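The values are calculated or read from the model by the stated rules, or taken from the named source; none is laboratory data. Quick caveat, the model's predicted, so the values are computed rather than measured. Glycine also receives a Cβ, built like all others from the backbone with ideal geometry; neighbour counts cover every protein chain displayed.
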Amino acid sequence: MKSAVPLLNIITNYILRRKGKQMRPMFVFLSAKLHGEIGESSYTAATLIEMLHTATLIHDDVVDDSLERRGFFSINALWKSKIAVLMGDYLLARGMLVAVENKEFELLEIVSGAVRDMSEGELLQIQKSRKLNITESEYFEIIRKKTATLIAACSACGTKSVGANGELVNKMKDFGENVGIAFQIKDDLFDYQKTGILGKPTGNDIKEKKITLPLIYSLANSESSEKRKILNLISRHNRNSLKVKEIIQFVQANGGIEYSVRKMNEYRDRALDILSQFPDNEAKNSLTALVHYTTSRDR
């Protein structure tokens with residue numbers, strides 16, 4: 001990640017000091033270990049994916065005009081959006097070059113497909129949030145593309161990195177996709193459930209007019225007059241904390257949380273069913289624990 005440009009190195013050091021849970025590289029390494037021995041190809045895959053993921057987070061903060069990331073100032077808060085976009089581009093290009101330099105073209109193909117899907121998912125969500133007319137099937141398509149596709153790429157790349165055949169790679173890709181969908185539903189529930197950090201729902205998605213599963217279900221199962229009222233609050237009063245609280249209470253009272261938890265657990269169980277088809281080993285145990293963590297975490 002080093003560059004001849006001093007500013008790039010300053011920003012890179014800032015990013016490295018505030019790295020997150022690094023779950024995606026864990027999925028790469030554990031998927032590789034499940035089917036073989038971790039080698040150079042596995043490290044290339046993990047590096048490529050973590051750099052890509054970091055690039056997308058930087059770009060997301062610009063798109064969402066977010067000034068915070070993981071409790072610290074975001075890149076665009078400190079260096080403004082133009083530099084943040086260029087930094088994200090640099091990390092994306094550098095990650096791709098890691099794959100090219102190591103002649104890992106099959107890994108690059110898997111990850112490039114994920115980048116395409118993530119962009120489509122983000123744009124679809126923006127389009128739908130403007131009209132506030134998202135259906136449940138559209139929601140699942142958005143989160144499949146936006147979040148699940150990258151975790152699917154992690155488990156597919158990890159499996160591919162140890163020389164596994166195409167059928168096994170696709171099976172692990174399905175595993176990752178199911179985990180990713182469960183992961184995103186859990187994220188979306190933080191808007192409406194108490195969290196470990198703040199002890200109260202965040203309401204962040206409502207403020208950004210993002211319609212997620214708890215709200216979609218609640219709107220679909222409410223009277224038309226109440227539905228109109230809630231959509232009006234989201235459209236016109238999404239920055240008013242009292243109105244946001246009213247929307248959260250509406251979801252809590254109309255079964256949105258229970259339904260979303262049930263759907264999240266369905267996808268978690270699908271992922272675990274796929275894992276159960278493989279022989280027991282240390283990597284399988286760790287992957288099982290990681291799957292459970294994605295749906296039980298409090299942040």
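Checking each residue in segment 61-91 for being touching a residue at least 12 places away in the same chain (Cβ under 8 Å) and either hydroxyl-bearing (Ser, Thr, Tyr) or closer than 20 Å to Phe27 by Cβ (or both) picks out Arg70, Ser74, Ser81, Tyr90, Leu91.
Go through (1) surrounded by fewer than 16 Cβ atoms within 10 Å (Cβ to Cβ); (2) assigned to a helix (DSSP H, G or I); (3) acidic (Asp, Glu) one by one and return the number of the condition Asp205 breaks. Of (1) surrounded by fewer than 16 Cβ atoms within 10 Å (Cβ to Cβ); (2) assigned to a helix (DSSP H, G or I); (3) acidic (Asp, Glu), only one is false for Asp205: (1). Of all the residues in segment 121-142, those that are under 14 Å from the mean Cα position of the chain (by Cα) and without any contact (Cβ under 8 Å) to a residue 40 or more places away in the chain number 3. Scanning segment 57-84 for residues that are polar (S, T, N, Q) and surrounded by 20 or more Cβ atoms within 10 Å (Cβ to Cβ) gives Ser74, Asn76. The combined condition, being surrounded by 12 or more Cβ atoms within 10 Å (Cβ to Cβ), of a type outside the set (Val, Ile, Thr) and out of contact with any helix residue (DSSP H, G or I) (no Cβ under 9 Å at 6 or more places or on another chain), is not fulfilled by Asn254.
Here's the yes/no breakdown for (1) at pLDDT 85 or above; (2) under 24 Å from the mean Cα position of the chain (by Cα):
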| position | (1), (2) |
| --- | --- |
| Lys186 | yes, yes |
| Ile197 | no, yes |
| Tyr217 | yes, yes |
| Ser222 | yes, no |
| Lys227 | yes, no |
| Leu233 | yes, no |
| Asn238 | no, yes |
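Checked across segment 17-32, the condition of being under 25 Å from Ala152 (Cα atoms), in contact with a helix residue (DSSP H, G or I) (Cβ under 9 Å, 6 or more places away or on another chain), basic (Lys, Arg) and part of a helix (DSSP H, G or I) holds for at least one residue.
Which of the residues that make up segment 228-240 are within 13 Å of Ile211 (Cα to Cα) and surrounded by 14 or more Cβ atoms within 10 Å (Cβ to Cβ)? Ile230, Leu231, Leu233, Ile234, Asn238 - these are the residues of segment 228-240 that are within 13 Å of Ile211 (Cα to Cα) and surrounded by 14 or more Cβ atoms within 10 Å (Cβ to Cβ).
Only residues that are basic (Lys, Arg) and either modelled with pLDDT under 95 or surrounded by 19 or more Cβ atoms within 10 Å (Cβ to Cβ) (or both): list them for segment 117-168, please. Correct list: Lys128, Arg130, Lys131, Lys145, Lys146, Lys160.
The set of residues in segment 248-275 being part of a loop (DSSP other than H, G, I, E, B) and either hydrophobic (A, V, I, L, M, F, W, C) or modelled with pLDDT of 95 or more (or both) is empty. For segment 113-168, filtering for residues that are closer than 30 Å to Ile38 by Cβ and not in a helix (DSSP H, G or I) leaves 5.
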